[in-house]
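**Student:** Submitted below is the structure of interest, expressed as structure tokens.
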Amino acid sequence: MKKWDLFINGEWVSLSEQIDIVNPSNGKLVGKVPKGGEKEAKQAVDAAHEAFSKWSSLTANERSEIIMKWHELIKEETEEIAKLLTAEQGKPLKEAIGEVGYANSFLSWYAEEGKRIYGESIPASASNKRLFVHRQPVGVIAAITPWNFPAAMITRKIAPALASGCTAVIKPAEQTPLTALYLAKLAEKAGIPAGVINVVTGDPKKIGETWMRDERVRKVTFTGSTEVGKLLMRQAADTVKKLSLELGGHAPFIVMNDADLNLAAEGVIASKFRNAGQTCVCANRIYVHEDVVDSFLTKFIEKVRDLSVGDGFIDGNDIGPLINQDAVTKVVEQVEDAKNKGAQVLIGGEPISGLFYEPTVIAGVTDEMICMTEETFGPVAPVSTFQTIDEVIERANDSRFGLAAYLYTQNLSNAILMSEALQYGIVGVNDALPSVAQAPFGGFKESGLGREGGHHGIEEFLETKYISIGI
Ligand code: ADP
């Protein structure tokens, strides 16, 4: 067990008040982090503000080289970071290794993309004028991240921020701050100058409020619950900060009667049970055409039966624990509600010991059940049937969320028309894992604002300046 420090202005800062970080697989203490508050949050902004002028005046190539050094160090230490991630978050080690690779892909991609922040010249209305458009970094940015991807949610925000010339204050989730602190250690080793990245762990409300009040913080990038996202949006109004929000999802997964059912069953497994169902793009409600539901369920259940649940450090385990007891309670309540309203549990349906829950498939699900209207964030797959395309599109879109949707079909016209009709920011057609560094990730409706990834993701950290020159 190790005691960790805050990272502010290139210094490691210890505090007497600490928070215990426990492994959700076994409840054992993995580390302690300082319980930072208003004072530390302000110090972090002071440092980021101070560092901004120098960092933003480096050339894009100079910033790129430093970001790439960070990338190389993360690559070398993939195993080390993944072990820390599994210890604090619980996901199977092979998934944690995958996450570190995915996290690192944002650094290499944005190290390059930062070199392509182009301006414009615009034809003037008078011969004695010249009109130019410059893109400039917004300044200090605050990143508030969740526990389900302790590495990737940091780099998906920080890579474009740093590449564009911004400096950052970061608050990782209270359950999983160790990965973030380890990444900061590697950032320091890579030569990222003092103050460019600052990590404050501790009281979410106090740290959040301090940053939201501070007019020097020009942008907030958040991934987490819709409730906290809305709060941050209200708080951002007072100083008119730019905002990107990546909030809840409630992904429909549609299997048409012309789908490749093996592919569809594999797709649901990948989408539903990754990270024990704790991702905002996990399939949350599965709609299967009534003509193929029996054969789909046979294939699906066979694959679910093969999944092993247990400690993420034990080789061969596919599903780790849920993050805490509240998460288990929520899953138990959703399954009970579905059973009480007439659904049938085909496999699983019960909590195991500790924070583990059986991979579960429920059939005969209807739209009134809680699992069909709320995000589950657990390893439960509710399956409902449909008859027509219009019906399934209407049911899929009948949600306040609009993050990811999945569609399995072999019919090209259906693939195009249905993906156009789905009111979702991400549509995976015969693809259960669409997320990559070079493509935009984000949601419609209450799933969020703005995009992360791709050239869209760097836009979020830039201001547009129009310069009109009389000559
Ligand atoms: P979850 O319910 O999945 O834990 P949260 O939205 O509560 O999602 O957490 C996401 C991130 O938001 C975490 O880093 C958490 O500490 C932070 N957070 C929670 N409450 C606040 C708040 N009032 N202000 C700022 N950040 C907050």
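**Student:** On a 0 to 90 degree scale, rounded to 10, what angle separates helix 261-273 from the longest Cα axis of the chain?
**Tutor:** 60
**Student:** Also, quick follow-up: With θ taken as phi - 60° and the coefficients 6.51, -1.76 and 1.60, list the Karplus ³J(HN,Hα) couplings across segment 439-450 in order, rounded to whole Hz; mark glycine and proline as x.
**Tutor:** Ordered by residue, 3J(HN,Hα) equals 10, x, 10, x, x, 8, 6, 7, 7, x, 9, x Hz.
**Student:** Between 0 and 90 degrees, rounded to the nearest ten: what's the tilt of helix 226-236 against the longest Cα principal axis of the chain?
**Tutor:** That works out to roughly 20 degrees.
**Student:** Using only Cα atoms, tell me the angle between helix 204-213 and the longest principal axis of the chain; keep it within 0 to 90° and round to the nearest 10.
**Tutor:** 40
**Student:** Under 22 Å between C-alpha atoms is the cut-off here; go through segment 251-429 and count lysine pairs that meet it, provided they're at least eight residues apart or on different chains. Kindly include the intermediate steps, with their values, before the conclusion.
**Tutor:** On the way: Lys272/Lys299; Lys272/Lys303; Lys272/Lys330; Lys272/Lys339; Lys330/Lys339; Lys330/Lys341.
Final tally of qualifying lysine pairs is 6.
**Student:** Something else now. Going by how many other beta carbons lie within 10 Å of each one, how would you line up Glu188, Glu65, fewest first? Don't skip to the answer; put the middle values down first.
**Tutor:** Numbers: Glu188 19, Glu65 14.
With the sparsest Cβ surroundings first, the list reads Glu65, Glu188.
**Student:** With 10 angstrom as the radius, rank Phe253, Phe386 by how many other C-beta atoms surround their C-beta, starting from the fewest. Write down the numbers at each step before the final one.
**Tutor:** Numbers: Phe253 26, Phe386 21.
Fewest to most other Cβ atoms nearby, the residues stand as Phe386, Phe253.
**Student:** Given the Cα-Cα distance of Asn26 and Lys189 and 0.36 nm per residue of separation, how much length would full extension add, in nm?
**Tutor:** On the way: separation 163, 0.36 × 163 = 58.68 nm, distance 3.23 nm.
Difference between extended and current length: 55.4 nm.
**Student:** Taking a virtual spin label 7 Å from the Cα of Lys303 along the C-beta vector, which residues in segment 267-284 bring their backbone nitrogen under 13 Å of it?
**Tutor:** 267-274, 283
**Student:** Then there is this: What ranking do 286-295, 170-179 get when scored by the average of other Cβ atoms within 10 Å per residue, highest first?
**Tutor:** Numbers: 286-295: 18.7, 170-179: 24.4.
In decreasing order of mean packing, 286-295, 170-179 become 170-179, 286-295.
**Student:** Another question about this same structure. Could you tell me how many cubic angstrom of Cα convex hull volume the chain has per residue? Write down the numbers at each step before the final one.
**Tutor:** On the way: hull volume 69.9 nm³, N = 471.
In the chain, the Cα hull volume divided by residue count equals 148 Å³.
**Student:** Quick one: Cα centre-to-centre distance for segment 67-124 and segment 391-440, in angstrom?
**Tutor:** 26
**Student:** State the Cα centre-to-centre distance between segment 274-304 and segment 314-353 in whole Å.
**Tutor:** Distance between centres, Cα-based: 15 Å.
**Student:** What is the distance in Å between the Cα centres of segment 16-64 and segment 229-269?
**Tutor:** 27
**Student:** Would you mind telling me the antiparallel percentage of the DSSP bridges in the chain, rounded to 5? Present the calculation step by step, with values, prior to reporting the outcome.
**Tutor:** On the way: 30 of 71 bridges.
Close to 40 percent.
**Student:** Pulled fully out, how much extra length does the chain show between Glu72 and Thr59, if you take 0.36 nm times their separation in residues and subtract their Cα-Cα distance? Mind dumping the intermediate values first?
**Tutor:** Numbers: separation 13, 0.36 × 13 = 4.68 nm, distance 2.02 nm.
Difference between extended and current length: 2.7 nm.
**Student:** In deg cm²/dmol, rounded to 500, what helix-only [θ] at 222 nm does the chain give when every DSSP H run of at least 4 residues adds -39500 (n - 2.57) and the total is split over its residues? Could you put the intermediate results ahead of the total?
**Tutor:** Working: 14 runs with 184 residues, N = 471.
Value at 222 nm, helices only, nearest 500: -12500 deg cm²/dmol.
**Student:** May I ask what percent, to the nearest 5, of DSSP beta bridges between residues of segment 251-429 are antiparallel? Intermediate results must be reported in sequence, preceding the final value.
**Tutor:** Values: 4 of 24 bridges.
So the antiparallel bridges amount to about 15 percent of the total.
Where a number appears in this text, it was derived from the coordinates with a stated rule and is not lab data. These numbers come from a predicted model, not from an experiment. All Cβ positions, glycine included, derive from the backbone under ideal geometry; neighbour counts span all protein chains shown.
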